[in-house]
Amino acid sequence: MITPLNKLAEWHNLQNLAHKTPINNKSLRVIEAAGISLDISAQHYSAELSKAAELLLQARDFNKKRLQLFNGDIVNTTECRAAWHTALRSPDPKHPEILEERQRVNAFVREADSERRWRNVVHIGIGGSDWGVRLAVQAFGYSGTWRQVRFVSNIDGHAIEGGLAGLDPLETLVVIASKSFTTSETLENALRAVQWLKNSSLKNPFDHVVAVTANTRKATEWGVKPEHVFKIWDWIGGRFSIWSAVSITTALAVGTDVLAGMHSGAAAMDEHFRSAELTHNAPVQMAIAGVVNRSILGYGSLNIAPYDFRLANLVPYIQQLEMESLGKSVLVDGKPAEVSTGPAVWGMPGTDAQHTFFQWLHQSSDGAPVDFIVCQHAQHAWANHHTSLLANCLAQREALINGKSYDQALQECLDSGMNINDAKSLANHRVHTGGRPSNLIVLSRLSPYTLGALLALYEHKVFTQATIWGINPFDQWGVEYGKRLADGITQALKPDGKVENKHDASTAYWLNIFKNKSN
Ligand code: F6P
């Protein structure tokens, strides 16, 4: 059983304080952790509010729950599983199979590299079996890699068609990444890829197929050679697969050192999360600000703004991590959560985001907290580009913090030569409310280490927010229902299928239209 937040005095104390604690633009709060600087100055904060948050964490048994997470205890109570992604990146993993599998992946990649095999890799997977690999391959392979990687996730036939187009089967490795080995999109796409291999002159098409799964029996029954099946485990959530053998494609594309570096950075952030005082604990402080913004100040979403072309896939990666973990409205014991929980997460790299939706962030009625992420040092030859990137990032954030008053806007219009009447009529349109919260996360440079630390920072922030809200961040029952309905509708759409009269009017209408191929 768990006490709903609304029944906790510590919650009401935090609520009362948050409503009367503005963003203080004279305060500076920066936490250094695992090579990352987290600037949380632009959040609603005071020493009192921080104390109240700490008391709430105590009331939620946070220290004990954090220990259980790291010990591999059953923290995913509805599936009766651990969520032991921290073990995957530990330098001394407590589970014997982890090191063994890590070494199998490295040996496979080293052999392929020594033979200059697999010019092409077609990575077939979806969600957590896809986003992390896309993120790392783009982050460290954006300027081109010896091996070409194609990602196929969507069931839309154009995805697999495009994924295979123009490739030579003789030089191509197909990676089937699926923890369950039951995800319909992945298996359907994998069938097309294997058929494509079989249609070539290859004597043994399955020599060109590897699988990464927790369901090793299913993979071998499906046809994958046992020595080509790499294990993950039930006690690793799908959205935490980046630390597992699912990242074999990353190693093939940008090297096993990248995986090792990401593991090191994440392990350093794990250590920080485990040991740092709560007031100087980066994930904890990000989590408190996130709960205050979402559940007390009522912001419905969180914007992720990586000011780095290489981190475009960080947005969908964090979307899945946050929204599949925190998109819950019942507590761990099944009772209603009673407060708003996980926000919608969205975003795009800056500076493109400035020309897409920053108008909304600055002047809409609601706005949203923004996580700005930027590298201090350029890793290319054009210093002026990087200066402009940094300037834009800081400027956008400053505008959100400080806003622009009517008097400033009026003076701006007058200074531009407008007459007083025109200036007065335009000034209100140029006012920015300001006081809009944001985090600034600064990496010295983008490296496997700092990316690993950044992802672990978000993982532990999500865990801490779930602990405060009292929800289970490690299951995802909400995605099952749609899959079940899709199975039924797929049957109904088949030529001999029957449209049952259980559908709503609109679904039934379109089912009949789609069934009648001649339409
Ligand atoms: O979206 C639901 C989900 O189960 C994710 O949690 C997971 O990452 C994805 O589907 C793919 O699952 P699998 O790796 O089992 O194919």
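The values are calculated or read from the model by the stated rules, or taken from the named source; none is laboratory data. Because the structure is a prediction, the values reported are computed rather than measured. Cβ sites come from the backbone with ideal geometry, for glycine too, and all protein chains shown count toward neighbours. The protein model used for the area step is the full one, side chains on, heavy atoms only, and it has no ligands, DNA or RNA in it. Shrake-Rupley method; radii C 1.70, N 1.55, O 1.52, S 1.80 Å.
Having 3 or more residues that are open to solvent by 10 Å² or more (accessible area, probe 1.4 Å) and at pLDDT 95 or above is the bar; report the helices (runs of 4 or more DSSP H) wholly within the stretch 39-88 that clear it.
Details: elements: 47-59, 62-71, 85-88.
Once the helices (runs of 4 or more DSSP H) in the stretch 39-88 are filtered for at least 3 residues that are open to solvent by 10 Å² or more (accessible area, probe 1.4 Å) and at pLDDT 95 or above, what remains is 47-59, 62-71.
Scanning the stretch 57-101 for residues that are more than 26 Å from the chain's Cα centre (by Cα) and either closer than 30 Å to Ala368 by Cβ or aromatic (Phe, Trp, Tyr) (or both) yields Gln58, Ala59.
Kindly evaluate Trp222 against the criterion of being surrounded by fewer than 24 Cβ atoms within 10 Å (Cβ to Cβ), at negative phi and in contact with an Asp or Glu (Cβ under 9 Å, 6 or more places away or on another chain). Walk me through how you get there before you give the answer.
Working: surrounded by fewer than 24 Cβ atoms within 10 Å (Cβ to Cβ): yes; at negative phi: yes; in contact with an Asp or Glu (Cβ under 9 Å, 6 or more places away or on another chain): no.
In short, no.
Of all residues in the stretch 264-292, those satisfying the criterion of being in contact with a Phe, Trp or Tyr (Cβ under 6 Å, 6 or more places away or on another chain) and open to solvent by less than 10 Å² (accessible area, probe 1.4 Å) are Gly265, Pro283. Residues that are within 16 Å of the ligand (Cβ to nearest atom) and assigned to a strand (DSSP E or B) within the stretch 131-170 comprise Phe151, Val152, listed in sequence order. Only residues that are within 32 Å of the chain's Cα centre (by Cα) and open to solvent by 50 Å² or more (accessible area, probe 1.4 Å) were counted across the stretch 197-215, and they come to 0. The residues listed here are Arg274, Arg239; of these, the one that is away from the ligand (no atom under 13 Å from the Cβ), within 15 Å of Lys461 (Cβ to Cβ) and basic (Lys, Arg) is Arg274. The set of residues from the stretch 182-195 being in contact with a Gly (Cβ under 8 Å, 6 or more places away or on another chain), more than 9 Å from the ligand (Cβ to nearest atom) and under 20 Å from Val133 (Cα atoms) comprises Asn189, Ala193.
Scan the stretch 494-509 residue by residue and report those that are open to solvent by 60 Å² or more (accessible area, probe 1.4 Å) and either within 17 Å of Ser184 (Cα to Cα) or not acidic (Asp, Glu) (or both). Within the stretch 494-509, Lys494, Pro495, Lys498, Asn501, Lys502, Ala505, Ser506, Tyr509 qualify. Only one of the numbered conditions (1) assigned to a helix (DSSP H, G or I); (2) surrounded by 13 or more Cβ atoms within 10 Å (Cβ to Cβ) is not met by Leu485, and that is (2). Out of the stretch 166-195, which residues are under 25 Å from Trp146 (Cβ atoms), open to solvent by 50 Å² or more (accessible area, probe 1.4 Å) and of a type outside the set (D, E, K, R)? Of everything in the stretch 166-195, those that are under 25 Å from Trp146 (Cβ atoms), open to solvent by 50 Å² or more (accessible area, probe 1.4 Å) and of a type outside the set (D, E, K, R) turn out to be Gly166, Leu170. Phe474 meets each of the listed conditions (1) within 16 Å of the ligand (Cβ to nearest atom); (2) touching a Phe, Trp or Tyr at 6+ places or on another chain (Cβ under 8 Å) apart from (2). Residues that are in contact with a strand residue (DSSP E or B) (Cβ under 8 Å, 6 or more places away or on another chain), open to solvent by less than 10 Å² (accessible area, probe 1.4 Å) and more than 17 Å from Leu191 (Cβ to Cβ) within the stretch 119-140 comprise Val121, Asp130, Val133, listed in sequence order. Residues that are buried (at least 22 other Cβ atoms within 10 Å of the Cβ) and outside any strand (DSSP E or B): does the stretch 427-439 have at least one? There is at least one residue in the stretch 427-439 that is buried (at least 22 other Cβ atoms within 10 Å of the Cβ) and outside any strand (DSSP E or B). If you check Phe240, Phe273 for being in contact with a helix residue (DSSP H, G or I) (Cβ under 6 Å, 6 or more places away or on another chain) and under 30 Å from Gln148 (Cβ atoms), only one passes: Phe240. Counting only residues that are assigned to a loop (DSSP other than H, G, I, E, B), open to solvent by 60 Å² or more (accessible area, probe 1.4 Å) and among the aliphatic types (A, V, I, L, M), the stretch 311-360 holds 1 of them.
Being within 16 Å of the ligand (Cβ to nearest atom), buried (at least 24 other Cβ atoms within 10 Å of the Cβ), in contact (Cβ under 8 Å) with a residue 12 or more places away in the chain and on the phi < 0 side of the Ramachandran plot, is that true of even one residue in the stretch 250-261? Can you show your working first?
Start the filter on the stretch 250-261 by keeping residues that are within 16 Å of the ligand (Cβ to nearest atom), which leaves 250.
Next cut, buried (at least 24 other Cβ atoms within 10 Å of the Cβ) only: 250.
Imposing the further condition that a residue be in contact (Cβ under 8 Å) with a residue 12 or more places away in the chain reduces the set to 250.
Next, only the ones that are on the phi < 0 side of the Ramachandran plot stay: 250.
Scanning the stretch 250-261, I find at least one residue that is within 16 Å of the ligand (Cβ to nearest atom), buried (at least 24 other Cβ atoms within 10 Å of the Cβ), in contact (Cβ under 8 Å) with a residue 12 or more places away in the chain and on the phi < 0 side of the Ramachandran plot, so the answer is yes.
Number of residues in the stretch 96-130 that are more than 18 Å from Val212 (Cα to Cα) and part of a loop (DSSP other than H, G, I, E, B): the value is 4.
Residues in the stretch 141-171 that are β-branched (Val, Ile, Thr) and under 14 Å from Glu188 (Cβ atoms): how many? Break it down stepwise before answering.
Applying the first criterion (β-branched (Val, Ile, Thr)) to the stretch 141-171 yields 145, 149, 152, 155, 160.
Filter once more, so that each one left must be under 14 Å from Glu188 (Cβ atoms): 152, 155, 160.
Looking only at that region, the number is 3.
In the stretch 171-181, the qualifying residues are those that are touching a residue at least 60 places away in the same chain (Cβ under 8 Å) and within 16 Å of the ligand (Cβ to nearest atom), and the one that is nearest to Glu79 (Cα to Cα) is Lys179.
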